[in-house]
1. Could you say whether any residue in the range 22-29 is of a type in the set (D, E, K, R) and outside any loop (DSSP other than H, G, I, E, B)?
2. Which one of Lys91, Lys54, Lys60, Lys71 is touching a Lys or Arg at 6+ places or on another chain (Cβ under 8 Å), on the phi < 0 side of the Ramachandran plot and at pLDDT 75 or above?
3. Taking the options Gly31, Gly20, Gly53, Gly27, name whichever one is farther than 19 Å from Ala83 by Cα, surrounded by 12 or more Cβ atoms within 10 Å (Cβ to Cβ), out of contact with any helix residue (DSSP H, G or I) (no Cβ under 7 Å at 6 or more places or on another chain) and free of Cβ contacts under 8 Å to residues at least 60 places away in the same chain.
Amino acid sequence: MEVSRKIGRNKTRPRIWLEGKILAAAGFRPGNHYDIVTEEGVLKMVLRKKINGKRKVSGKGETAIVDILGKAIEEAFGVPVPAKVTVTAKKLEITIVPEEE
C-alpha cells in the first residue's frame, strides 16, 4: 500500500500525521510502541514496531494515530515537501517525492 502525504506544519515545526487504515495495514494499533530509524544522507524515515520502542502509537478504539513533529523530520528531510508513505508488515517507510516540473 502506498499513499502520499504532505509534510505539513504545526505552528513553526514540521509535522507528519498518519492515522487509521494506513497504520492498520502495517499492524500499528493504539498502545503499540515503535522507533524511528533514519539514515544519514538518505531522505527516508522508517517507523518500526518494537515492543519497547521509544515512541507510542496514540488513538482510541481501533483508530491509531502517529504524529511526528519537529527534530526527527528536520533531520530526515529538512523543509516541508510531499512525501510517500509505503506500508509493509510492521514497518512504515516515509520518503521524499521529487517535485514535478
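The values are calculated or read from the model by the stated rules, or taken from the named source; none is laboratory data. Treat the numbers as computed from the prediction; the structure is a model and nothing was measured. Counting neighbours? That spans all protein chains shown, and the Cβs are built from the backbone with ideal geometry, glycine included.
1. No, the conditions are met nowhere in the range 22-29.
2. None of the other options fit; the residue is Lys91.
3. Exactly one residue qualifies, and that residue is Gly53.
Every residue, every condition in (1) among the charged types (D, E, K, R); (2) farther than 21 Å from Val3 by Cα; (3) over 10 Å from the mean Cα position of the chain (by Cα), yes or no:
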{"site": "Trp17", "(1), (2), (3)": "no, no, no"}
{"site": "Gly20", "(1), (2), (3)": "no, no, yes"}
{"site": "Asn32", "(1), (2), (3)": "no, yes, yes"}
{"site": "Thr38", "(1), (2), (3)": "no, no, yes"}
{"site": "Gly59", "(1), (2), (3)": "no, no, yes"}
{"site": "Asp67", "(1), (2), (3)": "yes, no, no"}
{"site": "Glu75", "(1), (2), (3)": "yes, yes, yes"}
